[in-house]
Each structure stands twice: as C-alpha cells, then as structure tokens.
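Participant: Take a look at this one; I'll ask things after.
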Amino acid sequence: MNTIMRKSVLGIAGLAFAGGVFAGPATAHATPTPESATPTTAVAVQADKPGVDKGKLIPHGVQGEQSRIDLGDEETANVKAIIAATKKAGLDERAAVISIGTSLQESKLENLGHLGDRNDHDSLGLFQQRPTSGWGTPEQITDPEHSTLAFLKGLKQVDGWQDMPLTDAAQTVQVSAYPDAYAQWEQQAADLVTQHWNS
C-alpha cells in the first residue's frame, strides 16, 4: 500500500511537471505584438512616477502677456538645481515655480558672474543677489543651491506667498526696480516644474 501511494504521488507530480514544461515554453516564448506590449510598459512607468498637481503651480492663473526662452544644457541644469534645492528646503512645486520664474527674469537661468559695467551694482548668480545686501559671499551667491535656498528663506517669510501671483511673491523677496517684470515668466516656470519635478 505504501508503494502504491508513493507511485501515485510521483505520477501526479510527474504530470504536473510535464504539464509545466510543455505549457511553460509555449507561454514564455509567445511573441507579443507591439500593440500589446507597449501600453503595459507605459502604464507601469507612469504608476511609479506620480504627476505634478498642476492646480498648485499657478493657483490664480497667469497675469499678462507671457514670455518664453529656449533653454540650453546650462539653463536646464540650473532648473534642476533650483528644483532640488526647493525639495531640500521642504517646499512644494509652487515654490519652485516662483523660484524659476524669478531666475528667468533676473538672469534667464544663467549663473552670472560679475558683468563689469553692465552689472547692476554687485548682483550675481541666478537670482542677481548682492553680497552687500546680505545674500552671502560671491562664491555662495554663484552656487545654485545656496542662492536658491537664500531666495526660499526670504520667500517663506512672505505671508500667503503660496497663493500670490508670482510677480508679487518674487518682488516682495527681490525688491526689484521692475516689480511687474516677473509675471511674464510664470507659464514657462510652471511648464519647467511640470517637466522636471519628478525627473
């Protein structure tokens, strides 16, 4: 009886194994059509990478005519540096929009050194911050992380900055001679945050 049971169990196990061998390769080697393979991959990637809440980016809508510039590698790297510093400061996408829009106006996202006679006093870096106004040393101000964190520190002191038009929030921190000039960059700044926040 023991031998009969053992043969039955081995027989069933053998059938299961043989079924797996014969069924496995047919399934494993089936060539999916491109149409059936592509959506599955795309959905998996999107699930791992949550989108940006676009309602937070421009909570009040843009003001006035918008400007746009083409970005090169340097400017794109500075966008990513501003976003990284914003995350390091524990702030959200709206803070990144304000920061990038401010830098678009101040330097076109170029980390500017001293411009000689064309310089506005001793303004430097992405945000055209001045050492003599307490933003830091020239070396610090021309470091994208430091200059962004310094800007954000000022922004956090502005009551209600999250819901302000970009130009009002930026002007409160920057105290520019052209307070309305920041408004023109809000849409491009929001587009850049959408593109790079999760990259």
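Participant: Using modelled amide H (1.01 Å from N, peptide plane; none on Pro or chain starts), what sits under 5 Å from the amide H of Q129, excluding residues fewer than 5 places away?
Facilitator: L124
Participant: Would you please give the residues with an amide H less than 5 Å from that of L112, counting only those at least 5 places away or on a separate chain, with H modeled from the backbone geometry?
Facilitator: So L112 has HN proximity to G125, L126.
Participant: Taking 0.36 nm per intervening residue step and subtracting the Cα-Cα distance, what contour gain separates D180 from K80 on full extension?
Facilitator: 33.5 nm
Participant: Turning to a different aspect of this structure: Could you compute the net charge surrounding Q184? Neighbours are other residues with a C-beta less than 11 Å from the C-beta of Q184; K and R count +1, D and E count -1.
Facilitator: Around Q184, the charge tally is -2.
Participant: Okay, moving on. About the Cα centre of region 47-109, how large is the charge dipole given +1 on each Lys and Arg Cβ and -1 on each Asp and Glu Cβ? Please answer in debye to the nearest 20.
Facilitator: Dipole magnitude for region 47-109 comes out near 240 debye.
Participant: Please work out whether region 146-190 counts as rounded, prolate or oblate from its C-alpha gyration tensor, where a ≥ b ≥ c are the square roots of the eigenvalues and a/c under 1.5 means rounded, while otherwise a/b larger than b/c means prolate and anything else oblate?
Facilitator: rounded
No value in this document is a laboratory result; all are computed from the given coordinates. Since this is a predicted model, take the numbers as computed values, not measurements. Neighbour counts are summed over all protein chains in view; Cβ atoms, including those assigned to glycine, are modelled from backbone coordinates with ideal geometry.
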